[in-house]
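Asker: A single structure is presented below for examination.
The values are calculated or read from the model by the stated rules, or taken from the named source; none is laboratory data. Please read all numbers here as calculations on a predicted model, not as lab measurements. For neighbour counting, all protein chains shown are included, and Cβ atoms are generated from backbone atoms with ideal geometry for every residue, glycine included.
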Amino acid sequence: MNRKVTILAALFAVLFSLDALAWGGLGHRTIAEIAERNLTPKAKANIEKYTLGAPLASFSVWMDTVRNLEDKGYAEATNGWHASIVDTDCNTSQEIRNKGRNGRDAVTATLMFTEMFKEREKLSDSTVMFAIKCLVHMVGDIHCPAHVRYTDNNNDGKFAVSYMGKETTLHKVWDTSVIARDHKKWGYKRYAEHLDSWSKRDIKRVTKGWVEDWFEDAARDVRPTLAWVNKGDKLDEEFQTKALPLAEQQLRKAGYQLAHLLNTLFK
């Protein structure tokens, strides 16, 4: 099998496996679809010059798929961009991110792209497309409970738990299980339609500020979950009753904030 075929085979294998996930597949695509539903006509038209009309959802898991390809160029370029870090008071800054993650994090990368886009007309089409793919994914990741890091707690959730009687890890529960369990037959468009229900006033409230503010807000939302689960716990309906509303709130916030980001960058 030649190198090109090997890469394509790996990509399709990852894509099919991601369809079974929640934040990784259903969740990321839902966030992208909520964002697309809330783009201004001008921003949508400007974005489609690069995407050629393909839905944002089709790029939303790109940063996950490239980590599994034989060619590691994109994986290395985006290494660390799936999470970010705050201090114990849920504040972030470049100093905190440099110290905690060597500046390799989703918030820093998102801010880098927003600076680049101040002169978007000078960027190549391929650079803009790379940025779109990354932004769609990173704004989603910084809202996921398993992707928020604290200076006093790594919060990666990579310890064993039981979820609804099946052995897994807490990270996988947040990444895949909480949303998928209650919406097994829903596609991302139906889920986005269900979640895209906030009033203009609520949307304006959650899109105040900019990327650092949004991440700090997400970190405050997630912080209480650090006390919800310990290694070896058996997670059942009681956990699901708390976890699902939080997860869906985070999906909504991510979708509306992604729309605001793109509307600003592509105005």
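Asker: For the subset of region 191-228 comprising residues that are touching a strand residue (DSSP E or B) at 6+ places or on another chain (Cβ under 7 Å) and not charged (D, E, K, R), which member is farthest from GLY103 (Cα to Cα)?
Answerer: Looking at the filtered set, the residue picked out is LEU226.
Asker: Residue check, ARG97 against (1) crowded, with 17+ Cβ neighbours inside 10 Å; (2) basic (Lys, Arg); (3) closer than 25 Å to ARG29 by Cβ, all met but one. Which one?
Answerer: Unmet condition: (3).
Asker: Tally the residues that are modelled with pLDDT under 95 and part of a helix (DSSP H, G or I), restricting the search to region 234-267.
Answerer: Within region 234-267, residues that are modelled with pLDDT under 95 and part of a helix (DSSP H, G or I) number 0.
Asker: Here is a follow-up. So which residues in region 50-107 are touching a Phe, Trp or Tyr at 6+ places or on another chain (Cβ under 9 Å) and basic (Lys, Arg), if there are any at all?
Answerer: ARG67, ARG104 - these are the residues of region 50-107 that are touching a Phe, Trp or Tyr at 6+ places or on another chain (Cβ under 9 Å) and basic (Lys, Arg).
Asker: I would also like to ask the following. Quick check on my filter: what residues within region 217-236 are farther than 19 Å from SER84 by Cβ and touching a residue at least 12 places away in the same chain (Cβ under 8 Å)?
Answerer: Residues satisfying the conditions are TRP228, VAL229, LYS231, GLY232, ASP233, LYS234, LEU235, ASP236.
Asker: Something else about it: Limited to region 61-119, what total is found for residues that are charged (D, E, K, R), in a loop (DSSP other than H, G, I, E, B) and touching a residue at least 12 places away in the same chain (Cβ under 8 Å)?
Answerer: Count: 5.
Asker: Please go through region 43-60 and pick out each residue that is surrounded by 15 or more Cβ atoms within 10 Å (Cβ to Cβ), under 18 Å from the mean Cα position of the chain (by Cα) and assigned to a helix (DSSP H, G or I).
Answerer: Hits for region 43-60 are LEU56, ALA57, PHE59.
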